[in-house]
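In what follows, a single structure is set out as structure tokens and then discussed.
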Amino acid sequence: MEQRGLGRLRLPGLLALLAALGVLVVQAALGRRRAQTPRISASRNQNLWPLPVTVRTTPRLLYLSPGNFFFGHSPTSKAGPSCRMNNNGLKICFNFSHTGIMPIFFGFDKWPLGSDNVPRKMELQKLEVSVIMDPECDSFPSITSDESYNLLVQEPVAKLTANRVWGVLRGKFFVVSLLFSSKEIFTANESNIVDSPRFPHRGILIDTSRHFLPIKTILKTLDAMAFNKFNVLHWHIVDDQSFPYQSITFPELSNKGSYSLSHVYTPNDVRTVIEYARFRGIRVLPEFDSPGHTASWGKGQKDVLTPCYHSREPSGTFGPINPILNSTYSFLSKLFKEISTVFPDKFIHLGGDEVDFHCWKSNPAVLHFMRNKGFGKKFEKLQSFYMQKVLDMISAMKKTSIVWQEVFDDEGKLTPGTVVQVWKKRNFHMKLRKITAAGFPVIISAPWYLDLISYGEDWTGYYLVEPLNFAGTPEQKQLVIGGEACIWGEYVDATNLTPRLWPRASAVGERLWSHQDVTDLEDAYRRLIRHRCRMVGRGIAAQPLLPGYCEHEGRM
Amino acid sequence: MAGSTLRFSLLLAAAFAGRATALWPWPQYIQTSELRYTIFPHSFQFQYHLSSAAQVGCSVLDEAFQRYRDLLFGSAAFRFPHPIVLTTGPLGKLLIVVLQRTCDSLKSEDTLTINDEQCLLLSETVWGALRGLETFSQLIWRSPEGTFYVNKTDIEDFPRFPHRGLLLDTSRHYLPLSSILDTLDVMAYNKFNVFHWHLVDDSSFPYESFTFPDLTKKGSYNPATHIYTAQDVKEVIEYARLRGIRVLAEFDTPGHTLSWGPGVPGLLTPCYSGSHPSGTFGPVNPALNNTYEFMSTFFLEISTVFPDFYLHLGGDEVDFTCWKSNPDIQAFMKKKGFGDDFKKLESFYIQTLLDIVSAYGKGYVVWQEVFDNKVKVRPDTIIQVWREEIPVKYVKEMALVTSAGFRALLSAPWYLNHITYGPDWKEIYLVEPLAFEGSPEQKALVIGGEACMWGEYVDSTNLVPRLWPRAGAVAERLWSNKMVSNLDFAFKRLAHFRCELLRRGVQAQPLSVGYCDMEFEQT
């Protein structure tokens, strides 16, 4: 690979880190460091969300008529028509600009002369897509996937250039975003966009255990994620309340542990989600949270949970996973073997949060085990013992583990490279400092629990969080690989997920994609209001930010 | 309410027997048993009893029969499997007796009797019959094999308060007609009977006036797409009528009127900065005769378009800053001898307006400020209490309003647009509208309340899940006996009712963790 690729914003340090995690693919085409602040040169760019690294716009107005506009591959592109991925990506774009054209564009700037009077030399006729390097058409996106792209809007042919298909996916929505419509005429300013993400891990957490989310709802969420350049679906698939994941190895888990037999994700459903996500450059990160949050596992798997005792007798209730039995680990080993095959992503989320020690404390066999192991009264040590065994299993499967912050809190000997997700809001900056000082990569969620709703414009609070605003060395900052907006499911299901998530999550989306200096709230308001209307036009029921209206609403 | 305690213990005992737990809001008196009857959808009929004053041709009931058939059996009616074991004989029809032909009465009492001899719905008015039909529909349940059943049941029911309202705001965000009609459906499921339509406000003027078309042309968000035409308004009124719901139209003045300005030059007060007009506008200009001529003509139209006896005239949150800045207003104040008391100016405006509206034979509802600012109003004015803490706690305000002899509507604790994390319906549910210090006569002046869904952050994308089932908590408070206030009992029924709403296609959000057999399907 000799071509010079596009610039990337993230520094070599991060890549070194990722290499240390064993997830770095050879990336010969890294460009020079780009740290310039974003430029937004004309009001027209009020349409863009999240804001690209650089936008240069001239006052020159180009126009496009839907009937006379084509998408195509550049002859030099490494991703030709056989790139299913790319075609599909283009098809999404193409469909937008044809079948659903009216709803998704805006009606601000009317072409003054009417459609018959457009000078030919100002017509935009084609968007040509060019992938410079091995396009990775048939692979899955990963944390090192290159999402950078250049978009040059000029007549007669606009050019979208990217190192890989992932960049094409990120760029393509901006083609649409740049356009303004008035009935049949769309206009765009001549412009040049150079763009790449600030953080490589930009996630949305959905919880399908507290409430089951129908597949359609998940796919809709993936669409909206792509519109906001999110690239990780963190699927908190099971928890205390229900076990909707249908395991091939242990079918009883969902047979007995799901809410009902129709509240289940079959292997085919899971494949559908993964493939749908892949076409949008989104990774699917499965979470099977243990040893706590596992009440639903007990229904379909005998002896996996700890029996709780009440005055020397089993009380009939159950606690966390039973960490003292060999059978527990052989079960988990088989289950995670399956999961590591079903989910192609390099990462598996193991949970490890909020383990309640009461039940362990009540159980004589557990106490006996503690004595034998010399754990004293420290149940944290028992939890660490458990987590370490599971972490070892995952390493043996050549996967990387992500855990909730408690696993680090509890001073477990964490396998180097294990990613820690920080979720407790109190003093989270301090926690970031400690975890990164110990050399572990982190994902931030603490300020972004979107299920915690309140009256008014709470998105500004999410927007103004600066992930790297903690005391630490540049090396420590490099360990922050990104963040996730979490929409936990206690009070959320298919009826209210979409309006609760969007556009509030969009605030997080821009924070994780755009430059650190993009913090002007007034500008964010202007752009987000339009972005929200664009989402509504694309069939995402994103709720309003303020009193006002969208041109194309009310057809939901 | 004599004897209500005894009745209540009876009804609680009955409540845990079988399917009655599906009822929302809870009826005044119910007796039910384990004995059940089968219902065959293809042959089941709603039928007028021979002695009924209402017969075929009564549009309200004719259409209701059709609606409830569809709701209950849908298209399943034709592939209905035959039951294997019959507990008792099948139930062939529900006989309806309506005693009064007239449809004016607000009262809606009804008796629903389902036993071996009869399945009878007896009610004073057609409106009571509508409420009874809803109750009947909630009693019917389906076995896993698909058979429809109804248990032997005896219900006597009537509302605790006659005014059970829901406010929608179509100015801050436009709500498509379909959103409004869908809301009316769900209101009927909850036995709400007043749709308070806050049609216009500062943000936009979507009501299409035929006397002053410029109001809409210049004041709506988009005069082509974001308006309610005369036809739309008629449709809302008729759709509501068929569900026993009154449409209470609100045209809020003199504040909250920015959107009126572009369409009626001179209507709003020009604000001054120093000695020059600043280019901004304040409330309606109360100093000009033109203003009252305009209002006179405008409200003549409104009085004609909206058939309900009551109009809502607003009167809340008038900001005096602009009036204070304007020299013409100051001169007017001096002329009238109002001194520096702008409340007197506000009173002057409101009184003039009230006189106009009463001349059209209408009654009116106003927000509490009109009362707080001591505007002299007619004794039959209804005061809507909306402020939680200021100037006094709403409980105190209810006492003040009623001790002055006015009828009161409660909304303060029921602002559903205010959202918080978790099961906030409980707090909404536990509000007791009569928990203020006052005589029985005062309590009798509380005619009901309204759940309000203001539109600053609400439009058709999030209206339905934000409204339901939370507004259901208000609905039961206003319909059921005061003593129906056990949260566990309410939770069980409301969770069940919420699933029933999903089955009926309503995007009602969850109360807690769990699931419904039929989940909401994304379109």
TODO: Note down the magnitude of the dipole of region A:397-556 about its Cα centre, charges +1 on Lys and Arg C-beta and -1 on Asp and Glu C-beta and zero elsewhere, to the nearest 20 debye.
DONE: 340 debye
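Let me confirm one metric for peptide B:495-507, namely the mean number of other chain beta-carbon atoms within 10 Å of its residues' beta-carbons. Walk me through the intermediate numbers first.
Values: counts 0, 0, 0, 1, 0, 0, 1, 3, 0, 0, 0, 1, 6.
Taking the mean over all residues of the peptide, I get 1.
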TODO: Calculate, in nm to one decimal, what A:Asp520 and A:Tyr455 gain on full extension: separation in residues at 0.36 nm each, minus their alpha carbon distance.
DONE: 21.2 nm
- [ ] Please give the helix B:230-242 orientation as an angle from the longest Cα principal axis of chain B, in degrees from 0 to 90, rounded to the nearest 10.
- [x] 40 degrees
Open item on the list: Counting each pair of different Cα atoms once, what's the Kirkwood radius of the protein assembly as shown in Å, rounded to one decimal?
Closed with: 32.4 Å
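Explain nothing, just the number: relative contact order of region A:201-538, from Cα pairs under 8 Å at least 6 residues apart, as a whole percent. Present the calculation step by step, with values, prior to reporting the outcome.
Values: 602 pairs, mean separation 58.3, N = 338.
Taking the mean separation of contacting Cα pairs over the length of region A:201-538, I get 17 percent.
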Open item on the list: Which order do the peptides A:245-257, B:122-134, B:427-439 come out in when sorted by mean C-beta neighbours inside 10 angstrom, highest first?
Closed with: B:122-134, A:245-257, B:427-439
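Please compute, for peptide A:494-503, the average count of beta-carbon atoms on other protein chains lying within 10 Å of each residue's beta-carbon.
Numbers: counts 9, 15, 9, 4, 4, 11, 5, 0, 1, 0.
The mean count of partner-chain Cβ atoms within 10 Å per residue comes to 6.
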- [ ] Would you please give the residues with an amide H less than 5 Å from that of A:Gln421, counting only those at least 5 places away or on a separate chain, with H modeled from the backbone geometry?
- [x] A:Val403, A:Trp404, A:Gln405, A:Ile443
TODO: Go through A:Lys424/B:Lys426; A:Lys220/A:Lys434; A:Lys159/B:Lys218; B:Lys335/B:Lys376; A:Lys229/B:Lys426; A:Lys399/A:Lys425 and tell me which ones have a Cα-Cα distance over 31 Å in this structure.
DONE: A:Lys220/A:Lys434; A:Lys159/B:Lys218; A:Lys229/B:Lys426
Task: region B:310-318 - phi-based ³J(HN,Hα) in whole Hz, Karplus 6.51/-1.76/1.60, Gly and Pro as x - done: 9, 10, 9, 9, x, x, 9, 6, 7
Open item on the list: Taking R0 as 25 Å, what FRET efficiency do you get between B:Ser358 and B:Lys217 from their Cβ-Cβ distance, rounded to the nearest 0.05?
Closed with: 0.25
Open item on the list: Angle check, please: helix B:470-479 long axis (alpha carbons) against the longest principal axis of chain B (alpha carbons), in degrees 0 to 90, nearest 10.
Closed with: 80 degrees
Open item on the list: Check which residues have an amide H placed less than 5 Å from B:Gln28's amide H, if you skip close sequence neighbours.
Closed with: B:Phe158
- [ ] Please provide three numbers in whole Å: the alpha-carbon extents of chain B along the principal axes, with the largest listed first.
- [x] 88, 51, 48
TODO: Name the lysines eligible as straight-distance cross-link partners of B:Lys152: C-alpha to C-alpha under 23 Å, and not fewer than 8 places from it in the same chain.
DONE: B:Lys93, B:Lys191, B:Lys492
TODO: Report the label-to-label distance for B:Ala404 and A:Asn427 in nanometres (one decimal), using points 7 Å from each Cα along the Cα→Cβ vector.
DONE: 5.4 nm
TODO: With a Förster radius of 30 Å, plug the Cβ-Cβ distance of B:Asn373 and B:Ser485 into 1/(1 + (r/R0)^6) and report the FRET value to the nearest 0.05.
DONE: 0.30
Open item on the list: Can you tell me, using C-alpha contacts under 8 Å and at least 6 residues apart, the relative contact order of chain B as a whole percent?
Closed with: 14 percent
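Pairs of Cα atoms under 8 Å, at least six residues apart: use those to get the relative contact order of region B:150-235, whole percent. Can you show the working numbers first?
Details: 95 pairs, mean separation 23.4, N = 86.
Across region B:150-235, relative contact order equals 27 percent.
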- [ ] In nm, give the distance between the simple-model label positions of B:Val56 and B:Asp185, each being 7 Å from the Cα along the Cα-to-Cβ direction.
- [x] 2.7 nm
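Could you sort B:494-505, B:200-211 so that the peptide with the highest average Cβ count within 10 Å comes first and the rest follow in order?
Details: B:494-505: 20.4, B:200-211: 22.7.
The peptides rank, most packed first, as B:200-211, B:494-505.
For the peptides B:53-60, A:153-160, what is the packing order when you average, over each peptide's residues, the other Cβ atoms within 10 Å and list the highest mean first? Write out the running numbers ahead of the final one.
Numbers: B:53-60: 14.9, A:153-160: 19.1.
Averaged packing, sorted descending, gives the order A:153-160, B:53-60.
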Task: Average beta-carbon neighbours from other chains, 10 Å sphere, peptide A:214-223 - done: 2
Open item on the list: Less than 19 Å apart at the alpha-carbon level, and either on another chain or at least 8 residues along: which lysines does that give for B:Lys334?
Closed with: B:Lys324, B:Lys343, B:Lys344
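Helix-only mean residue ellipticity at 222 nm, chain B, DSSP H runs n ≥ 4 weighted -39,500 (n - 2.57), per residue, nearest 500. What is it? If you can, show how the numbers build up before the last one.
Values: 17 runs with 182 residues, N = 523.
Computed ellipticity for chain B at 222 nm equals -10500 deg cm²/dmol.
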Task: Degrees between helix B:327-336 axis and first principal axis of chain B (Cα, 0 to 90, nearest 10) - done: 80 degrees
Task: Rg in Å to one decimal, and Dmax rounded to a whole Å, for region A:201-538 via C-alpha atoms - done: 20.3, 64
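Let me check I have the definition right: for region A:282-375, take the eigenvalues of the Cα gyration tensor, multiply each by 5, take square roots. What are those semi-axes in whole Å, largest first?
On the way: eigenvalues 155, 36, 30 Å².
Equivalent-ellipsoid dimensions as semi-axes: 28, 13, 12 Å.
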- [ ] Go ahead and run the numbers for FRET between A:Lys337 and A:Asn255, Cβ-Cβ distance against an R0 of 25 Å, rounding to 0.05.
- [x] 0.80
- [ ] State the answer as a single residue: which of A:Ile402, A:Leu450, A:Ala507 lies farthest towards the positive end of the charge dipole of region A:201-538, with beta carbon charges of +1 for Lys and Arg and -1 for Asp and Glu, about the Cα centre.
- [x] A:Ile402
Open item on the list: Need one number: nm distance between label points at B:Val392 and B:Thr280, each 7 Å from Cα along Cα→Cβ, rounded to one decimal.
Closed with: 3.4 nm
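Values quoted throughout were computed directly from the atomic coordinates according to the rules given, and no laboratory measurement underlies them. Given the structure is predicted, the values throughout are model-derived calculations rather than measurements. Because the Cβ atoms are built from the backbone with ideal geometry, glycine has one as well, and the counts that use them run over all protein chains shown.
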